[in-house]
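Shown next, in structure tokens, is the structure this report addresses.
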Number of protein chains: 2
Amino acid sequence: MTAQLPVNQHRSYARAVPKPEVDQTVPLQLSVDRNSPVPLYFQLSQQLEAAIEHGVLTPGSLLGNEIELAGRLGLSRPTVRQAIQSLVDKGLLVRRRGVGTQVVHSQVKRPLELSSLYDDLEAAGQRPATQVLAHTHVPATAEVAARLGVGEGSEVRCVERLRLAHGEPMAYLCNFLPTGLLELETGQLEATGLYRLMRAAGITLHSARQTVGARAATPAEAERLGEPAGAPLLTMQRITYDDTGRAVEYGTHTYRASRYSFEFQLLVRS
Amino acid sequence: MTAQLPVNQHRSYARAVPKPEVDQTVPLQLSVDRNSPVPLYFQLSQQLEAAIEHGVLTPGSLLGNEIELAGRLGLSRPTVRQAIQSLVDKGLLVRRRGVGTQVVHSQVKRPLELSSLYDDLEAAGQRPATQVLAHTHVPATAEVAARLGVGEGSEVRCVERLRLAHGEPMAYLCNFLPTGLLELETGQLEATGLYRLMRAAGITLHSARQTVGARAATPAEAERLGEPAGAPLLTMQRITYDDTGRAVEYGTHTYRASRYSFEFQLLVRS
DNA sequence: TAGTGGTCTAGACCACAAG
DNA sequence: TTGTGGTCTAGACCACTAC
């Protein structure tokens, strides 16, 4: 099924509260395949997202109203709304009652993801490497037990790693995991990131609580990361939960502040 | 309208992949007021959220199925689904096809909000105060112009503030705003936070891009914040956008790492 | 096989914004 | 007044899970 969607372009102008102004209409090719196993609303939202990404739907442009769009595609209005809503949730579209649905103006990227240092480095073309400094089972200290929700003194897995990029140390990672959660080989830990291994083991990561701070490096930390003594370090502690709410990982990480910073996109909850 | 909702309690046990186990049933009081202007799905989601918050719905417990719940409350299934979905989006519930809807196990708090240092301090009972060090209009440097999406050299508002708690400096805040966006009195800036003033001026904050890092304090910065020279500082840069996608604020902040850290909750996008 | 959530329809009425 | 999104209904069929 295929439809030509007229898109009303909007040219913004300097003003405290800009009003939408309709300038022209651009045809937008949309279609859904009812024989596909992909849900119809998802097909539509992906096409709209691609159109926004590729600039076919320009920032500020108005989508046609939902009823007409549904009619053109042969879908019901709730289905079209579901597609649009998913993009509103991603921050790509804004709805205004009595006005319409507009493409957001800014270069909004992705909402914050549960970031993996390994993936971040790889995406930045930094060729990450990992040295496993220690991989043991230890009794949980009071702090670790509280974070992981296990009994104090019960056995937990402890992994200490040094993450490098281009052969230079970037961060020191210390992680604790409940025993029995997954099999972990030291070789695997040197080849990829912890989150990938957990996902591959069938663990569905759901949420995490993070604390980011800074402090001066101790002599041992400075030595480990190749920084001068007293250099500023970026610190991150994180507890990660799976979809049943169990804590599946507690980590204490220190990053060379001269080499790394956290960047993320926030959406204001409405 | 009132209904008794039976809740199947779930007792978890140590296991790599825990299965739900039904132990007992707890009645849950739910009702909706059809004469209220508050949407029905919202009334329901608020009551469910309160029940989770207060421990009436315990972590791991199963909600009854959607059809039955709809019948008990005299609502349609899509309305009940909308209520449940909003809590799933908040990370409070998890749905599993063929199983049911469960309360998440962990102490998941709020998803990440666009944080305001002023509000954070106030919520922590720290009695925040602000010193306005400068409040001027200046030509935009290339960096500020790029961040705010205005022409280089065009006039922008510049605000420099020192944020204190209990009379102690906590952070140095330097912000740039497009001119004409809102009226700002120095007195207002000393009484509350910038975000509150922007919201009060009718600006709908929508998203922000943040970078968090660390570095050693310069002598001037150390002096300003009452830290020794070379002390580690936590730095944050932020561009905030409104719902039309315009950049409405660009800020460069430095925090005393000994006094402040960022804490936030992440939900893994699914 | 039975029960669950996932998806979808074809309507309806209302609240809000704009002209 | 007109048009938009916001909410709601009463069904339907399907996919997945557990027994």
| field | Residues within segment B:34-72 that are away from DNA strand C (no atom under 14 Å from the Cβ) and either out of contact with any helix residue (DSSP H, G or I) (no Cβ under 7 Å at 6 or more places or on another chain) or among the basic types (K, R) (or both), tallied | value | 13
| Taking A:P232, is it over 30 Å from B:R256 (Cβ atoms), at pLDDT 90 or above and at the interface with chain B (Cβ under 10 Å from one of its Cβ atoms)? | no
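Filter segment A:56-98 down to residues that are more than 14 Å from every other protein chain (Cβ to nearest Cβ) and more than 10 Å from DNA strand D (Cβ to nearest atom), then give me how many there are.
7
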| remark: Scanning segment B:248-269 residue by residue, those in contact (Cβ under 8 Å) with a residue 60 or more places away in the chain, facing another protein chain (nearest Cβ under 7 Å) and more than 12 Å from B:A171 (Cβ to Cβ) turn out to be B:F264, B:Q265, B:L266, B:L267
| query | If B:S36 passes every condition in (1) touching a residue at least 40 places away in the same chain (Cβ under 8 Å); (2) near DNA strand D (Cβ under 9 Å from one of its atoms) but one, which one does it miss? | reply | (1)
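Residues in segment B:130-137: is at least one within 24 Å of the chain's Cα centre (by Cα), modelled with pLDDT of 85 or more and either more than 16 Å from DNA strand C (Cβ to nearest atom) or over 30 Å from A:T204 (Cβ atoms) (or both)?
Narrowing segment B:130-137 to residues within 24 Å of the chain's Cα centre (by Cα): B:130.
Okay, now just the ones that are also modelled with pLDDT of 85 or more, so B:130.
Filter once more, so that each one left must be either more than 16 Å from DNA strand C (Cβ to nearest atom) or over 30 Å from A:T204 (Cβ atoms) (or both): B:130.
For segment B:130-137, residues within 24 Å of the chain's Cα centre (by Cα), modelled with pLDDT of 85 or more and either more than 16 Å from DNA strand C (Cβ to nearest atom) or over 30 Å from A:T204 (Cβ atoms) (or both): present.
Every residue, every condition in (1) closer than 30 Å to A:L40 by Cβ; (2) not hydroxyl-bearing (S, T, Y); (3) not in a loop (DSSP other than H, G, I, E, B), yes or no:
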position: A:L57; (1), (2), (3): yes, yes, no
position: A:L75; (1), (2), (3): yes, yes, no
position: A:T79; (1), (2), (3): yes, no, yes
position: A:R95; (1), (2), (3): yes, yes, yes
position: A:H105; (1), (2), (3): yes, yes, no
position: A:H135; (1), (2), (3): no, yes, yes
position: A:E143; (1), (2), (3): no, yes, yes
position: A:V150; (1), (2), (3): no, yes, no
position: A:G153; (1), (2), (3): no, yes, no
| request: Quickly run through segment B:188-224 and pick out the residues that are of a type in the set (G, A, S), exposed (fewer than 14 other Cβ atoms within 10 Å of the Cβ) and either touching a Lys or Arg at 6+ places or on another chain (Cβ under 7 Å) or away from chain A (no Cβ under 11 Å) (or both). | output: B:A191, B:A200, B:A220
| task | May I ask you to list the residues in segment B:47-60 that are surrounded by 15 or more Cβ atoms within 10 Å (Cβ to Cβ) and over 12 Å from B:L28 (Cα atoms)? | result | B:E49, B:P59, B:G60
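The values are calculated or read from the model by the stated rules, or taken from the named source; none is laboratory data. Source: prediction; values computed, not measured. In this analysis, Cβ positions are derived from the backbone assuming ideal geometry, glycine residues included, and neighbour counts consider all displayed protein chains.
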